[in-house]
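The structure appears right after this line, and notes come after that.
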Amino acid sequence: MFCFQCQEAAKGTGCTVKGVCGKTDTCAALQDALVHTLKGISLYAENTNADKKYGRFVSQALFATITNANFDDARIYELILEGVKLRNELKAISGANVTCDCANWIPSSMADAIAKGNSFGVLSQENEDIRSLRELLIYGLKGIAAYADHAYVLGYEDTAIYNHMFKALAATTKDLSADELVAMIMKTGESAVTTMALLDKANTSTYGNPEVTEVNIGVGARPGILISGHDLRDLKDLLEQTKGTGVDVYTHSEMLPAHYYPEFKKYENFVGNYGNAWWKQDKEFESFNGPILMTTNCIVPVRESYKNRMFTTGMAGYPGLKHIADRKEGGQKDFSEVIALAKTCPAPTQIETGKIVGGFAHAQVMAVADKVVEAVKAGAIKRFVVMAGCDGRHKERSYFTEVAENLPQDAVILTAGCAKYRYNKLNLGDIGGIPRVLDAGQCNDSYSLAVIALKLKEVFGLDDINKLPLSFDIAWYEQKAVAVLLALLFLGVKGVRLGPTLPAFLSPNVAKVLVDNFDIKPIGDVEGDVAKIMVGA
Ligand code: FSO
Ligand code: SF4
């Protein structure tokens, strides 16, 4: 295997024996064979007016290959078989004669698919710059795919997003120049903005606009179910089905922002958030005592002690865990087994107490825009620092906690994604009632931060987003963060600091293109970075 798609790639170069994430070499090969198949679908779909079902499939299958989403060989192989079937349908519809292997291969067995993945993996492209550009493109698409699937689940789709996915995936099979690939990457940034905007519309139209909320981080005395991942519709079904059963529902990691939505506040058994970011789950799932439902990534290698009470659903998967089937159209998923199990479990063990505050998505911030603008004009707020993205295991990530602690009192942190767990319990105070850490929501809600920035640009009458008193100090881990980064670049944001390390998939030449054109920089030492951030350097 060779995989270097996430920030924790072994030795900062790539996982070759087994993923640091736990992905086995067979699963990695199957995922590579799946992406190969999706390229075949795309080569036919890009020139046909393909039905939405093809775009939906490509989104869901790409989503399954995101870091920590699906470790289940059998499920990935099923997706390959389904993909080949859909590709052959499109082949017949288009009547085109495409010679690429990805457009024609037919797996005879799982072993055959593994062999295919091994011969068409990342390293099959020998030119390191072309490899780097193609993979950057694919990783951006994976992030978009995840967000597009969340929007689809809520009934929101946009064929332009699917069409771009086809074009871009097809582009990775063609003999394109570096410049042409860079242009496709920029278009992918545009598509990431469109997709995050669509998901924002889906979430807020369905569940209301997030509002300022205090979230309990302690526990109650009743048994509970812990829901993690990003899928809000799964949460809605679970809340409906646990109502009046005596079972409480808690969020973990990226599900925390669900508490900010008016629709979910209606449930008296939706009691709080348990624990921290995804990578601490091996300890926190143990002490939670009750069932855990993973709706999306991030799953870490599952311990025996809670294996029997952990479930996956949607595109998440893990061998040996029970998988809750998809809902029938218009219906709900059936969580009765999860609820029945919860009733036999003790209440969660308390690991902390208190509250955290969040809910500062665009509508809520706009509602207090006057106050914010006044604080900037009066000099009470000197700088906004976007510290969105992901958390992860690396010790170097304490950098982000220390930056948060060391920023002067007149700096406000704008956050989204699980990166927030590095500083959202620090009690950094407020500026005239405006908290110094404003949490917009999940990683996809980075879109909200962009909307807020564009609004501030308008209010201050500026012609360039980079003239705002705004800096970006982004933590990344997996491919959704790549999509968010490409979206920022498309929006013209310059000078983003990226850490804890730069992506292993950027070759020196491609990294140089990003530095030269967008002034992307690696994080440095805390003191130096804080000083530079405060003067916009
Ligand atoms: Fe975190 Fe995982 Fe949301 Fe990612 S839970 S790391 S960017 O999947 O998706 O922020
Ligand atoms: Fe390694 Fe990350 Fe790939 Fe997992 S997803 S195999 S940790 S590079």
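The values are calculated or read from the model by the stated rules, or taken from the named source; none is laboratory data. If you're wondering where the values come from, they're calculated on a predicted model, not measured in any experiment. Cβ: placed from backbone, ideal geometry, glycine included. Neighbour counts: every protein chain shown. Note: areas computed on protein heavy atoms with side chains; ligands, DNA, RNA excluded. Shrake-Rupley method; radii C 1.70, N 1.55, O 1.52, S 1.80 Å.
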*Here are some conditions: (1) buried (at least 19 other Cβ atoms within 10 Å of the Cβ); (2) closer than 16 Å to Gly14 by Cα. Glu128 meets all but one. Which one does it not meet?*
(1)
_Residue that is nearest to Asp234 (Cα to Cα), among those in region 289-308 that are in contact with a Leu (Cβ under 9 Å, 6 or more places away or on another chain) and in contact (Cβ under 8 Å) with a residue 60 or more places away in the chain_ = Thr295
_Cβ-Cβ under 7 Å, sequence separation 6+ or interchain: first residue in region 151-175 and on the phi < 0 side of the Ramachandran plot, partner assigned to a loop (DSSP other than H, G, I, E, B) and surrounded by fewer than 22 Cβ atoms within 10 Å (Cβ to Cβ). Which pairs?_
Ala151/Glu157; Phe166/Glu46; Lys167/Glu46; Ala170/Glu46; Thr173/Cys100
_Which listed residue, of Leu86, Leu62, is open to solvent by less than 40 Å² (accessible area, probe 1.4 Å) and within 16 Å of ligand 2 (Cβ to nearest atom)_ = Leu62
*Could you list, in sequence order, all residues of region 242-263 that are closer than 20 Å to Ala416 by Cβ and either open to solvent by 20 Å² or more (accessible area, probe 1.4 Å) or touching a Leu at 6+ places or on another chain (Cβ under 8 Å) (or both)?*
Thr251, His252, Met255, Ala258, Tyr261, Pro262, Glu263
*Which one of Leu428, Leu489, Leu485 is open to solvent by 20 Å² or more (accessible area, probe 1.4 Å) and part of a helix (DSSP H, G or I)?*
Leu485
*Answer yes or no as to whether Leu491 is over 18 Å from the mean Cα position of the chain (by Cα), more than 16 Å from ligand 1 (Cβ to nearest atom) and closer than 19 Å to Lys532 by Cβ.*
no
*When residues of region 460-471 are limited to those that are open to solvent by less than 20 Å² (accessible area, probe 1.4 Å) and not in a loop (DSSP other than H, G, I, E, B), the one farthest from ligand 1 (Cβ to nearest atom)*: Ile465
*Out of all the residues in region 1-20, which are more than 7 Å from ligand 2 (Cβ to nearest atom) and either more than 14 Å from Asp32 (Cα to Cα) or not in a loop (DSSP other than H, G, I, E, B) (or both)?*
Gln7, Lys11, Gly12, Thr13, Val17, Lys18
*asked:* Could you list, ordered by first residue, the pairs with Cβ atoms under 8 Å in which the first is in region 379-392 and of a type in the set (Lys, Arg) and the second is in a loop (DSSP other than H, G, I, E, B) and open to solvent by less than 10 Å² (accessible area, probe 1.4 Å), at least 6 apart or interchain?
replied: Arg383/Leu407
_Can you go through Ala50, Ala45, Ala69, Ala64 and tell me which one is closer than 27 Å to Tyr152 by Cα, in contact with a Leu (Cβ under 9 Å, 6 or more places away or on another chain) and within 16 Å of ligand 1 (Cβ to nearest atom)?_
Ala64
*Can you give me the number of residues within region 203-228 that are within 16 Å of ligand 1 (Cβ to nearest atom) and more than 19 Å from Thr415 (Cβ to Cβ)?*
2
_Looking only at region 496-537, count every residue that is out of contact with any Ser or Thr (no Cβ under 7 Å at 6 or more places or on another chain) and in a loop (DSSP other than H, G, I, E, B) and tell me the total._
12
*Of the conditions (1) surrounded by 15 or more Cβ atoms within 10 Å (Cβ to Cβ); (2) under 30 Å from Ala481 (Cα atoms); (3) hydroxyl-bearing (Ser, Thr, Tyr), Ser94 fails just one. Which one is it?*
(2)
*If you go through region 295-318, how many residues are open to solvent by 60 Å² or more (accessible area, probe 1.4 Å) and either outside any loop (DSSP other than H, G, I, E, B) or in the same structural domain as Gly392 (by TED's automatic domain parsing) (or both)?*
2
*Which residues, taken from region 264-294, are surrounded by 24 or more Cβ atoms within 10 Å (Cβ to Cβ), away from ligand 1 (no atom under 16 Å from the Cβ) and assigned to a helix (DSSP H, G or I)?*
Phe288
*Check off (1) under 26 Å from Phe505 (Cα atoms); (2) aliphatic (A, V, I, L, M); (3) surrounded by fewer than 23 Cβ atoms within 10 Å (Cβ to Cβ) for Leu81 and give me the number that stays unchecked.*
(1)
*Only one of Ala192, Ala221 that is open to solvent by less than 10 Å² (accessible area, probe 1.4 Å) and not assigned by TED's automatic domain parsing to the domain that holds Ala440*: Ala192
*Only residues that are within 17 Å of Trp476 (Cα to Cα), open to solvent by 20 Å² or more (accessible area, probe 1.4 Å) and touching a helix residue (DSSP H, G or I) at 6+ places or on another chain (Cβ under 6 Å): list them for region 1-18, please.*
Cys3
*Name the residue, out of Ile474, Ile434, that is touching a residue at least 40 places away in the same chain (Cβ under 8 Å), open to solvent by 10 Å² or more (accessible area, probe 1.4 Å), in contact with a strand residue (DSSP E or B) (Cβ under 9 Å, 6 or more places away or on another chain) and farther than 25 Å from Leu502 by Cβ.*
Ile434
*Counting just the residues of region 229-257 that are on the phi > 0 side of the Ramachandran plot and in contact with a helix residue (DSSP H, G or I) (Cβ under 8 Å, 6 or more places away or on another chain), which one comes out nearest to ligand 1 (Cβ to nearest atom)?*
Ser253
*Only one of (1) away from ligand 2 (no atom under 16 Å from the Cβ); (2) of a type outside the set (Gly, Ala, Ser); (3) touching a residue at least 40 places away in the same chain (Cβ under 8 Å); (4) touching a helix residue (DSSP H, G or I) at 6+ places or on another chain (Cβ under 8 Å) is not met by Val368, so which one is it?*
(4)
